[in-house]
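The values are calculated or read from the model by the stated rules, or taken from the named source; none is laboratory data. Because the structure is predicted, anything quoted here is derived from the model rather than measured. Methodologically, a virtual Cβ is constructed for each residue, glycine included, from the backbone with ideal geometry; neighbour enumeration extends over all protein chains shown.
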Amino acid sequence: MSFLELNNVHKGFGPANARTEVLRDIELRIEEGEFVAIVGYSGAGKTTLISLVAGLIRPDMGKVKLKGVEITEPGPDRGVVFQNYSLLPWLTVFENIQLAVDQVFPKWSEEQKRAHIDKYIATVNLTPAREKKPSELSGGMRQRVSVARALATEPQILLLDEPLGALDALTRATLQDEIVRIWEQDKRTVVMITNDVDEGIMMADRIVPLSAGPNATLGPSVAVNIPRPRDRKAINHDPEYKEVRRQVIGYLLGEGGKQRTAVSRKLILPDLLPEDLSEPRTLYGTKRKPRRRSETKREQVEVEA
Ligand SMILES: Nc1ncnc2c1ncn2[C@@H]1O[C@H](COP(=O)(O)OP(=O)(O)OP(=O)(O)O)[C@@H](O)[C@H]1O
Ligand SMILES: [Mg+2]
């Protein structure tokens, strides 16, 4: 049994007659303490995948399990950093984190909570911005608040949905290093969504590509066996880096880049039924006749666009 398991997970949206299958046959196993990056096309279903693990939505088919227990709703064992930071604009940095901490640790004293929140604000280097509101912060700072809020609830697994998406290259690199440092400090399990293969190679133990949608599925995992700490400048010349990149991009541009659409196709079945040998050859003196059926059936088939 793995720490996190997705078995044969399918998820679509929309009414039955106009349904879009977003994810199909998702198989994923993640071990405790692992840092896994999922890399995929925009719109393929990455947020949908994170939402399934977060318990915000349920799969149409298959199971999502954490430590062998099926996930059916959100819980404090999973900390999520959403793509759009989702901070409350009328609360300060401290208060935004406090809201989450109050929910998860209701029995703690005010003093204990304050020290805990301040520790995580310091972890993401935001102590000087402690009393600021989100509108007074840059995008990168907001993303750091969002990371601190998820960490402060001490989840068993951290789910990061493109946490660094909207940042410039320099801020992005700094935050990448911060997240890896935090992960190394207390070795929590991390699942990070990204659309940047290099970011995945810089940060993760393993990269799993997600094919293009609709009907997106996960491709073969690629292990990143580059020793840590990873040096951003040296890594470009590392043969292991080139090989991982080649495999992930190869899948995304090759097999994983083909869009699959499900179409409904009319099947015309043979019009003759086999002869029923159990019947006597003659019935009331007439000859046994072939029976006809004029019937059609529909089946769902997958085609590559
Ligand atoms: N609640 C919903 N209702 C209907 N369709 C949805 C819903 N959530 C997602 N979708 C559709 O599912 C597909 C995948 O969406 P999702 O947000 O998971 O993609 P993504 O890979 O995270 O994209 P991006 O990289 O842009 O963040 C899209 O076509 C989207 O329109
Ligand atoms: Mg998304």
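Yes/no per residue for (1) in contact with a strand residue (DSSP E or B) (Cβ under 9 Å, 6 or more places away or on another chain); (2) closer than 30 Å to ALA44 by Cα:
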{"position": "VAL80", "(1), (2)": "yes, yes"}
{"position": "GLN83", "(1), (2)": "yes, yes"}
{"position": "PRO89", "(1), (2)": "no, yes"}
{"position": "GLU95", "(1), (2)": "no, no"}
{"position": "LEU126", "(1), (2)": "no, no"}
{"position": "LYS133", "(1), (2)": "no, no"}
{"position": "LEU164", "(1), (2)": "yes, yes"}
{"position": "ASP168", "(1), (2)": "no, yes"}
{"position": "THR171", "(1), (2)": "no, yes"}
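Within the stretch 154-173, restricting attention to residues that are surrounded by fewer than 21 Cβ atoms within 10 Å (Cβ to Cβ) and farther than 17 Å from GLU199 by Cα, the residue that is modelled with the lowest pLDDT is GLU154. Among the candidates LYS132, LYS187, single out the residue that is of a type in the set (D, E, K, R) and loosely packed, with under 15 Cβ neighbours inside 10 Å. One residue alone meets the criteria, LYS187.
Let's see how each residue does on (1) assigned by TED's automatic domain parsing to the domain that holds ASP177; (2) in a helix (DSSP H, G or I); (3) touching a Gly at 6+ places or on another chain (Cβ under 6 Å); (4) not β-branched (Val, Ile, Thr):
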residue	(1), (2), (3), (4)
GLN98	yes, yes, no, yes
GLN103	yes, yes, no, yes
PRO106	yes, no, no, yes
LYS113	yes, yes, no, yes
ILE117	yes, yes, no, no
SER135	yes, yes, no, yes
GLY140	yes, yes, no, yes
ARG144	yes, yes, no, yes
ALA150	yes, yes, yes, yes
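Which of the residues that make up the stretch 6-48 are of a type in the set (D, E, K, R) and in a loop (DSSP other than H, G, I, E, B)?
ARG19, GLU31, GLU32, GLU34
Between a residue in the stretch 175-195 that is over 15 Å from ILE121 (Cβ atoms) and any residue that is of a type in the set (Asp, Glu), which pairs come within a Cβ distance under 7 Å, given they are 6 or more apart or on different chains? Once the first residue is over 15 Å from ILE121 (Cβ atoms) and sits in the stretch 175-195, its partners that are of a type in the set (Asp, Glu) give GLN176/GLU199; THR189/GLU32; THR189/GLU34; ILE193/ASP161; ILE193/GLU162; THR194/GLU162; ASN195/GLU162. Within the stretch 65-90, if we keep just the residues that are assigned to a strand (DSSP E or B) and free of Cβ contacts under 8 Å to residues at least 60 places away in the same chain, the residue that is surrounded by the most Cβ atoms within 10 Å (Cβ to Cβ) turns out to be GLU70. Just one of the numbered conditions (1) surrounded by 13 or more Cβ atoms within 10 Å (Cβ to Cβ); (2) over 12 Å from the mean Cα position of the chain (by Cα); (3) modelled with pLDDT of 95 or more is not true of ILE38: (2).
Determine whether LEU23 is over 24 Å from VAL147 (Cα atoms), at pLDDT 95 or above, in the same structural domain as SER135 (by TED's automatic domain parsing) and within 16 Å of ligand 1 (Cβ to nearest atom).
yes
Within the stretch 33-49, residues that are β-branched (Val, Ile, Thr) sit with their Cβ atoms under 9 Å from residues that are within 8 Å of ligand 2 (Cβ to nearest atom) and not in a helix (DSSP H, G or I), at 6+ positions apart or across chains, in these pairs: ILE38/ILE193; VAL39/ILE193; THR47/GLN83; THR47/ASP161; THR47/GLU162; THR47/ILE193. Just for the stretch 1-26: of the residues that are touching a Ser or Thr at 6+ places or on another chain (Cβ under 8 Å) and hydrophobic (A, V, I, L, M, F, W, C), which one is surrounded by the fewest Cβ atoms within 10 Å (Cβ to Cβ)? This residue is PHE13.
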